[in-house]
C-alpha cells in the first residue's frame, strides 16, 4: 500500500510541475509531448524507488534470517557444551 501511495504522490507532484511550463498557444504538440515526457520520467523514478525499497526490504529480511540462524546455532552449541560438562565426571 505504501508503494501505491508513493506512486500517487509522485505522479501528482510531477503533473503539477509539468503544468507550470509555459508554451506558445499554437505549440500544442510540444506541450503534450512535454507532459508525456514528464509523466514517463515520474513513472520511471517511482518504479526505481519502489524497486530499491523492495530490494532493501529483501536484504533486511535476509539479514534477519541469517541473524536468527546464527543465534539458533550458538544456542545449540551452548546447549551441547552444557550437556558435555554435566555428563563428564571431572566436572560433576
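Readers should treat all values here as calculations from the given coordinates under stated rules, not as data from a laboratory. Fair warning: this is a prediction, and the values are worked out from it, not measured in the lab. All Cβ positions, even for glycine, are placed from backbone atoms using ideal geometry, and neighbour counts span all protein chains on display.
For the range 29-92, what does the alpha-carbon gyration tensor say about shape, rounded, prolate or oblate, given a ≥ b ≥ c as the root eigenvalues, a/c under 1.5 as rounded, and a/b over b/c as prolate? Before the final figure, lay out the partial values.
Working: a/c = 16.30, a/b = 14.85, b/c = 1.10.
Prolate is the answer for the range 29-92, as a/c is 1.5 or above and a/b outweighs b/c.
At 7 Å along the Cα-to-beta-carbon direction for both residue 44 and residue 27, put a label point, then send me their distance in nm to one decimal.
Reported label-point gap for residue 44 and residue 27 is 2.2 nm.
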